Amino acid sequence: MKIWKKAICMIVGLFLSICTVGCVKQKVESEWAMEGEPVFHSDLVFHILNYINFEGSPANMYSKEYIDEFENFRSKQSNNDYKLIEEAQKLSVPYMKYFNEVSNVAFIGFYASSYEELKDQLNSMSISKEAKEEFIKPFIQCMDAELSIYTEYWDRIMADQKNSMDAFISYSNKTLCALEKVFKYANKKPHYYFCVSLGQGKGRGIWNNRFVSAAGCIPKSKSEQQHAFFQAFHEMTHQITDRKLFTHISMEDGTHLLSEKVVMKTDYYLIQRLDEDLLEDYIRWIAWLAGISEISEQDFLDYYKLPDKEEKEVQKIIDEISNIS
């Protein structure tokens, strides 16, 4: 059990919980079916964040694997020798220092329709002068320096992975059929943003008046499709439970960890109630996130045991969703 508890804590570090090129939005028939689209401007932001090591924080997006892959691509381009690794290292300290002010940087790209608008939104953030000078300004300089080469990199992946994106939307909509009551309850359709610079096990929930939205990776295999699906469903459920159960969420007072436990337990109950055949796969996904080979359902329930108040609120949500016709 100690190994399980230690391993499962790794899950918290995986959560926090628009330019379309070369890929047309998915058109689907069902009223509650999920659509998907790529997001260049957010991908560019994530690209820089992948190089910034915010060690020890659940918000950390640092990825050695991603850096190695991109630097290999850079090495083959004769016209680009920008040292993003070195520049990003300089951003680690101010990112940690001003994180409460600049954390929304990771989401702004989803609301920008052009690169200039993205920069305008970053520059107009309501934060301290020091945070803008020490973090936002050099962050934008990194984006400016990487824009050309990243555009080339992104375009190539969009062209190469269009079939993978189409396949994931098809897979997700088949799996979501039994879970569509969740979206009827939210009165919003599900929506998925394909991100080149988000790896497996990383996702973001995106607040949107029209959709229950999640951003995640481009899955390339059946197992990756399943992982990406559960990640997306997790991010989407957040947008229901966070608003129902929490007035604020912070890493400092424990509400962030509690909100994660609430979502994991809510998804468990929803799948158990609406599509029990999917439950075993969900538990296996939890084990994969924790970096262990397997977990028992009872270990999962023990770790995600909620305080009575939150448990009652979750059960109320489950009953309300289940009773939708």
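The values are calculated or read from the model by the stated rules, or taken from the named source; none is laboratory data. All of these numbers come straight from a predicted model, not from anything done at the bench. Cβ placement follows ideal geometry from the backbone for every residue including glycine, while neighbour counts extend to all protein chains displayed. Side chains are part of the model used for accessible areas, which takes the heavy atoms of the whole protein and leaves out ligands, DNA and RNA. Shrake-Rupley method; radii C 1.70, N 1.55, O 1.52, S 1.80 Å.
Per-structure values
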item	result
Single condition Gln121 does not satisfy, out of (1) touching a Ser or Thr at 6+ places or on another chain (Cβ under 8 Å); (2) outside any loop (DSSP other than H, G, I, E, B)	(1)
Count - residues of segment 290-300 that are within 24 Å of the chain's Cα centre (by Cα) and part of a helix (DSSP H, G or I)	2
Helices (runs of 4 or more DSSP H) fully within segment 29-104 counting 3 or more residues that are over 27 Å from Gln121 (Cβ atoms) and open to solvent by 80 Å² or more (accessible area, probe 1.4 Å)	64-75
Residue match in segment 132-155 (condition: in a helix (DSSP H, G or I), open to solvent by 40 Å² or more (accessible area, probe 1.4 Å), out of contact with any Ser or Thr (no Cβ under 9 Å at 6 or more places or on another chain) and among the aromatic types (Phe, Trp, Tyr))	no
Pick from segment 217-262, criterion closer than 24 Å to Met158 by Cα and among the small types (Gly, Ala, Ser), ranking: surrounded by the fewest Cβ atoms within 10 Å (Cβ to Cβ)	Ser221
Qualifying positions in segment 124-166 - more than 20 Å from Cys217 (Cα to Cα) and of a type in the set (Lys, Arg)	Lys129, Lys132, Lys137
Residue in segment 277-325 that is surrounded by the most Cβ atoms within 10 Å (Cβ to Cβ), counting only those that are closer than 23 Å to Gly201 by Cα and of a type in the set (Asp, Glu)	Asp299
Residue in segment 105-118 that is farthest from the chain's Cα centre (by Cα), counting only those that are in a helix (DSSP H, G or I) and crowded, with 16+ Cβ neighbours inside 10 Å	Tyr115
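Every residue, every condition in (1) closer than 25 Å to Ser124 by Cα; (2) crowded, with 18+ Cβ neighbours inside 10 Å; (3) at pLDDT 95 or above, yes or no:
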position: Asp160; (1), (2), (3): no, no, yes
position: Asn173; (1), (2), (3): no, yes, yes
position: Tyr193; (1), (2), (3): yes, yes, yes
position: Val196; (1), (2), (3): no, yes, yes
position: Asn208; (1), (2), (3): yes, no, no
position: Ser213; (1), (2), (3): yes, yes, yes
